[in-house]
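Have a look at the structure below, then the notes.
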Amino acid sequence: MCFEIHDGILKKYNGSDAVVTVPEGVTTIDAYAFRSNLEIERLILPDGLIHIKMFAFCGCYNVKSVSLPFGLRYIDRDAFFKCYSLKRVIVPDSVTEIGARAFGYERIQLKLEGFTIYGVEGTAAQRYAKDNGFLFYEVNDG
């Protein structure tokens, strides 16, 4: 796999794998790092990841599944914008901030039909679901 990583920041992914496992030691996924990669279907993110920056996965139309690790804190605006195949996400309770259109949007004013968030009641996941009119289902822990 082709990763450009500097000081724990994943700057760019240049591969064409359907399943991408981001290496351990990555703490931040930089803006636009995976932008418009049409090959990726499944993302596995490492323990120790803290921050997903804006547009990191924007336009990754075929992503169906992403594993968000416990310990993740920040998901910036538009991080998964235009990920049309991503219909649901489990957000760990470690996440304290989710930016505008981070998940569930195909255009600025157009939401993905039936997008669902799973998370712990009273967390950023539930607030994001409520604020954006998405379905929310409670899980026991993040």
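Please treat every number below as a calculation from the coordinates, not as lab data. Here the structure is a predicted model, which is why all the values come from computation and not from measurement.
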Those lysines that a straight Cα-Cα span of less than 28 Å connects to residue 12, excepting residues fewer than 8 apart in one chain: 53, 64, 82, 87, 111
Under the Karplus curve 6.51 cos²θ - 1.76 cosθ + 1.60, θ = phi - 60°, whole-Hz ³J(HN,Hα) for the stretch 22-30, x wherever Gly or Pro sits: 6, x, 4, x, 7, 9, 9, 9, 6
Contact order relative to length of the chain, as percent, for alpha carbon pairs under 8 angstrom and 6 or more apart: 16 percent
Over the chain: helical MRE at 222 nm, DSSP H runs n ≥ 4 each giving -39500 (n - 2.57), nearest 500: -2000 deg cm²/dmol
Fully extended contour minus Cα-Cα distance, from residue 135 to residue 77, at 0.36 nm per residue: 19.0 nm
Antiparallel DSSP beta bridges within the stretch 1-137, percent to nearest 5: 25 percent
The stretch 1-102: Cα Rg divided by the 2.2 N^0.38 Å rule of thumb: 0.93
